[in-house]
Amino acid sequence: MQASSGNTAHSTSGGQSDPHLVVIANPSAKLLGAEGYAPEQIAANLRSRGFAVDIYTEDSAEQTVARSEAVAWQGVAAIVALGGDGTIHSIVEGLLRARQAGAAPTVLGIIPAGTMNNVALALGISESLDSALDVIAAGVSEGMTRTLDVGLVERNVFVEVSSMGMEAELLPIGEEVKVRPWELPRAFFIMLQMAQHARPTRVTLEVDERRTTMRALGVTICNTPTYGARFLVAPDAQPDDGQLDVVVFTGKTGWALLRHLFETMGGKRRSQVDIQRFRGRVVRVRPSHAWAVHMDGTHFMAVGRGQSSAALEASAWQAALTVCAPPKSGDNITPEGPLHTAFRVVPTDHPR
């Protein structure tokens, strides 16, 4: 197999009847240099479990989307994401593009190798490499799978969250710190400035045609319980119930919103003060002023006064995908604490 521009490919042999897996790896994923996570090691491990394997290492989200879309037409047993939440988002986007164009559904496998691994957490997939590989093997060979919903905003997909308002403005800062941890002091200063100037906005919210109006600093539409720095903002959200969980932060200051995020960081439950919750299949948010919007930290836009769209409409696409995952079993969220979560962004040198 020849490598093409912007990616590297590894082909491993298997028997003609062996199920064919395609692994798409993010070379920047936090754990990709750890023992056992090198593409050749992943391939050997999966081959020992009875699979034929191709591994592609893609350098950008765009290449990952394109690769997964192309592979979806090949009729493979599964596409496996080797990376974090961003890698999963890109692969999901590619798979759904292919499906909308007429390709047959393709099963998704996940090897959590990213910084936060929120999607794996929501599905009960362990961050242990051997356990994750066991789940993939059982999913492909024994049908141990679950469905996964996604959210849709216009033609954009989100797997975890779409946030609006002050929180959406904060997200690019957090993403920068994840890539450049040494920028944390500067990022902290910028966040404090934003908190000082933030003011609530009048918002009209419709959830399955139930309308309410309130003043808020932000609205978060969740498909998974956690997102970002494992913020447990929607503890009752399920990624396969056909519903979106809507969290409206009605606190009066930006300081209160920062405190809210800190208190939920690392999977901690917090009180319901300054929070209103809703759930539905279709959500429409109309802010009276321009609000920033993000979807999984990938797609950015703005809605409200002076923007091309006065409102955001999000809908749940139920059972959009089938994922190798253990059976649903209660609450998968074990709090790890803010300090532990913060250390997830610290680079670690791993021997290959």
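Read the figures in this text as sums done on the coordinates, not as results from a lab. For clarity, every value in this text was computed on a predicted model and none was experimentally measured. Virtual Cβ from ideal backbone geometry, glycine too; neighbours counted across all protein chains shown.
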Contact order relative to length of the range 7-143, as percent, for alpha carbon pairs under 8 angstrom and 6 or more apart: 26
From the mean inverse distance of alpha carbon pairs (Kirkwood) and the Cα radius of gyration, derive Rg over Rh for the range 7-143. 0.92
Starting from the Kirkwood radius over alpha-carbon pairs of the range 156-317, derive D by Stokes-Einstein at 37 °C in a medium of 0.692 mPa s and give it in µm² s⁻¹. 209
Final fewest-first order of GLU154, GLU160 on the 10 Å Cβ neighbour count is GLU154, GLU160
Where both partners of a DSSP beta bridge lie in the chain, what percent of those bridges are antiparallel, to the nearest 5? 80
If you rank ASP18, ASP240, ASP149, ASP296 by fewest surrounding Cβ atoms within 10 Å, what's the result? ASP18, ASP240, ASP149, ASP296
Give the relative contact order (percent, whole number) for the chain; include only Cα pairs under 8 Å separated by 6+ residues. 20
Starting from the 7 Å offset along Cα-to-Cβ, what nm value, one decimal, do you get for the label separation of ARG215 and ALA44? 6.3
Suppose R0 equals 30 Å. What FRET efficiency, 1/(1 + (r/R0)^6) with r the Cβ-Cβ distance, do LEU184 and PHE300 give to the nearest 0.05? 0.85
Of the DSSP beta bridges with both residues in the range 7-143, give the percent that are antiparallel, rounding to the nearest 5. 25
The range 201-270 versus the range 296-329: alpha-carbon centroid distance in Å: 14
Counting other C-beta atoms within 10 Å, which of TYR37, TYR56 has the fewest, and how do the rest follow? TYR37, TYR56
Once the piece of chain linking GLN318 and GLU62 is laid out straight, how much longer is it, given 0.36 nm per residue of separation minus the C-alpha distance between them? 89.7 nm
